[in-house]
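The values are calculated or read from the model by the stated rules, or taken from the named source; none is laboratory data. This is a predicted model, so every value here is computed, not measured. When we count neighbours, we look across all protein chains shown, and the Cβ atoms used for this are built from the backbone with ideal geometry, even at glycine. Side chains are part of the model used for accessible areas, which takes the heavy atoms of the whole protein and leaves out ligands, DNA and RNA. Shrake-Rupley method; radii C 1.70, N 1.55, O 1.52, S 1.80 Å.
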Amino acid sequence: MAAGFKTVEPLEYYRRFLKENCRPDGRELGEFRTTTVNIGSVSTADGSALVKLGNTAVICGIKAEFAAPPPEAPDKGYVVPNVDLPPLCSSRFRSGPPGEEAQIASQFIADVIENSQIIPKEDLCISPGKLAWVLYCDLICLDYDGNILDACTFALLAALKNVQLPEVTINEETALAEVNLKKKHYLNIRTHPVATSFAVFDDTLLIVDPTGEEEHLATGTLTVVMDEEGKLCCLHKPGGSGLTGAKLQDCLSRAVTRHKEVKKLMDEVIKSMKAK
């Protein structure tokens, strides 16, 4: 009976749960799904991480390559993110060129990298005006069940902390790059941006970490990105119903708490890896 009611009136089905301050999957309104991270899961990448947020799974692989620095910033390198939402992760996506949602997610990640200054791009310069590192950050969704932005941001951060770049010098006689694979160093991660997403129901009610179904039924969504100092790095609000100042403040407060949870989880995983 309940399954039939959910099929015919999905929004009313959700409202009956929300009135009791819970959701159909048993979570409270401000509760996240179980979050896990596996760092260094792709041996062929220079850095990688697999993040699961409930049923949503995103893997990030980073490859480092050489390139000439940009003319307008000869002392900087590049960080190039790309989010892929293939048909294998959900029937809502089609093969071919990136769809609108994948393009929005890629731009969001690019904005997070730029606004948070997660990596000093000067650190990626090998020889000013001559040679720099390019970090190609490929984020692939393996299973889509909502809140792709939180999963992508976490996967990117965890993968960047896994990257080790070899020592590179320029031979003055030949002007060629010489790579010393025996000497590697981790990236200098300046900040740790963490995304927290919300869905708005009936223009007033806020729930965190929406599933794919909840996103579909919501009247709006909001993603807040904070760093460890509580600074706002990015705010993503793609239309939908508006929020009052008080509601927005609630979102920022929850984002600060979520940052501590994610940072603690990632630190524990990295610590356990070093212990091995």
Exercise. Going by the conditions given, is Thr44 open to solvent by 60 Å² or more (accessible area, probe 1.4 Å), outside any strand (DSSP E or B) and either of a type outside the set (Lys, Arg) or under 30 Å from Pro10 (Cβ atoms) (or both)?
Worked result: yes
For this session: Residues that are in contact (Cβ under 8 Å) with a residue 60 or more places away in the chain and in contact with a Pro (Cβ under 7 Å, 6 or more places away or on another chain): find the strands (runs of 3 or more DSSP E) completely inside the range 65-144 holding 3 or more of those.
Result: 131-143
Seminar exercise, completed: Restricting attention to the range 21-41, the residues that are over 30 Å from Trp133 (Cα atoms) and in a loop (DSSP other than H, G, I, E, B) number exactly 12
Exercise. How about the range 175-190: which of its residues are modelled with pLDDT of 75 or more and open to solvent by 60 Å² or more (accessible area, probe 1.4 Å)?
Worked result: Leu176, Glu178, Val179, Leu181, Lys182, Lys183, Lys184, His185, Tyr186, Asn188, Arg190
Exercise. With (1) open to solvent by less than 50 Å² (accessible area, probe 1.4 Å); (2) of a type outside the set (Gly, Ala, Ser); (3) touching a Ser or Thr at 6+ places or on another chain (Cβ under 6 Å); (4) not in a loop (DSSP other than H, G, I, E, B) as the list, and Leu206 as the residue in question, which single condition is left unmet?
Worked result: (3)
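Within the group Thr211, Thr196, Thr223, Thr204, which residue is closer than 29 Å to Leu18 by Cβ and touching a Lys or Arg at 6+ places or on another chain (Cβ under 6 Å)?
Thr196
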For this session: Pull up the range 232-253, narrow it to residues that are exposed (fewer than 13 other Cβ atoms within 10 Å of the Cβ) and of a type outside the set (Gly, Ala, Ser), then point me to the one that is nearest to Thr153 (Cα to Cα).
Result: Pro238
Exercise. In this structure, is Asp150 modelled with pLDDT of 95 or more and part of a helix (DSSP H, G or I)?
Worked result: yes
Exercise. Which one is nearest to the chain's Cα centre (by Cα) among residues in the range 214-237 that are under 25 Å from Glu12 (Cβ atoms) and part of a loop (DSSP other than H, G, I, E, B)?
Worked result: Ala218
